[in-house]
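Down below is the structure, laid out as structure tokens.
The values are calculated or read from the model by the stated rules, or taken from the named source; none is laboratory data. All values derive from a computational prediction rather than experimental measurement. Cβ: placed from backbone, ideal geometry, glycine included. Neighbour counts: every protein chain shown. Keep in mind that these areas ignore ligands, DNA and RNA; they rest on the heavy atoms of the full protein, side chains included. Shrake-Rupley method; radii C 1.70, N 1.55, O 1.52, S 1.80 Å.
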Amino acid sequence: MHELLKDCNIPLDVPVKPRKGHLLVVENFDSFHLNHGIMEAGYSNHQSASVSGLDVDERMLSISMTATMDTSGNLVLGSSREFVGFDTEADEFIIRCIWERAAEFFPKLRDISLEDFIRNRKVRVGLRPYMPDGKPVIGSVPGLQNMYLAAGHEGGGLSMALATAEMVTDMVLGKPSQVDTSTFGVKGRRCC
């Protein structure tokens, strides 16, 4: 975005940071079936399960249990959050922490050895757009007509997608919003 605006003399400071996350995919899982996604309460406010053995403070590592079934019937377990720049390498320590945390909620997972999972594993690692104040930026870009920004949803992107789309649609069409959008606006945002 900064590259796009560099010649416009429009100051835009949106401090979105990459926040790395891991998900474990247990293929052909048939020990139980989930009809909907499940997440530990700590996921929504980034609380962490007990994690030791890493410099947790520097990376701000948190592990929270999430579980869902994908369209192929695979069990997808998560999740981790940490600040490590743009590094997308899988971390064995984090994989072990996610597995152990999930087994606390689903004891049936203890029937599968972590070593068996690791041999045939599928791990998804990606970067989530994080805003320091925990709220996404949704609004028009000051000084540019018809340009809108919706970013920084981090781990809540899927759950906030419909509301974000509705907010942006109302903005584009000039309709009054059903929510106070000033909290998410680009202009005057204090993100520290």
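Evaluate the distance, in nm, between pseudo-label points positioned 7 Å from the Cα of MET39 and of SER72 along their respective Cα→Cβ axes.
That separation, rounded to one decimal, is 2.4 nm.
With an 8 Å Cα cut-off and a minimum separation of 6 or more residues, compute the relative contact order for segment 17-130 in percent.
Reported as a whole number, the value is 41 percent.
Any chance you could check the Cα centroid distance between segment 59-82 and segment 94-162 for me, in angstrom?
Here the two parts' Cα centres lie 7 Å apart.
Relative contact order of segment 135-184: what whole-number percent is it, with Cα pairs under 8 angstrom and at least 6 residues apart?
Taking the mean separation of contacting Cα pairs over the length of segment 135-184, I get 38 percent.
Leaving out ligands, DNA and RNA, what percent of the accessible area of the chain is carbon and sulfur, probe 1.4 Å?
The C+S portion of the solvent-accessible surface of the chain is 51 percent.
For mean projected area of the Cα convex hull in nm², the listed values are (i) 13.1; (ii) 10.9; (iii) 19.9; which was obtained by calculation from the structure presented?
(i)
Quick one: net charge around GLN178, please, counting Lys, Arg +1 and Asp, Glu -1 for every other residue with C-beta under 11 Å from its C-beta.
Its environment carries a net charge of -2.
Could you check the simple spin-label distance between PHE83 and LEU162, using points 7 Å along Cα→Cβ, in nm with one decimal?
3.3
Fully extended, how many nm does the chain gain between SER182 and LYS135 (0.36 nm per residue separation, minus their Cα-Cα distance)?
Additional length available on full extension: 15.8 nm.
Given the pairs LYS20/LYS187; LYS17/LYS135; LYS20/LYS122, which are separated by over 21 angstrom at their Cα positions?
LYS20/LYS187
Where the only charges are on Cβ atoms (+1 Lys, Arg; -1 Asp, Glu), what is the dipole of the chain about its Cα centre, to the nearest 20 debye?
The dipole of the chain has a size of about 380 debye.
For the chain, calculate the relative contact order in percent as a whole number, restricting contacts to Cα pairs under 8 Å that are 6 or more residues apart.
In percent, rounded to a whole number, it is 24.
Taking a cut-off of 16 Å between Cα atoms, list the aspartates and glutamates near LYS175, but don't count ones fewer than 8 places away on the same chain.
GLU166
Using r as the Cβ-Cβ distance of GLU104 and CYS8, and R0 as 35 Å, what FRET efficiency do you calculate, to the nearest 0.05?
E between GLU104 and CYS8, to the nearest 0.05, is 0.10.
Taking every DSSP beta bridge with both residues inside the chain, roughly what % is antiparallel (nearest 5)?
Of those bridges, close to 95 percent are antiparallel.
For a quick check, take a GNM of the chain with Cα springs below 10 Å and name the residue from THR71, THR181, THR164 with the largest mean-square fluctuation.
The residue that fluctuates most here is THR71.
Using a 10 Å cut-off on Cβ atoms, rank the peptides 169-176, 135-142, 61-68 from the highest mean neighbour count down.
Highest to lowest by the protection proxy: 61-68, 135-142, 169-176.
Based on the Cβ-Cβ distance from LYS175 to GLU115, what FRET efficiency comes out when R0 is 41 Å, to the nearest 0.05?
0.15
Find the accessible area per residue for segment 80-179; the probe is 1.4 Å, ligands and nucleic acids are left out, and the unit is Å².
57
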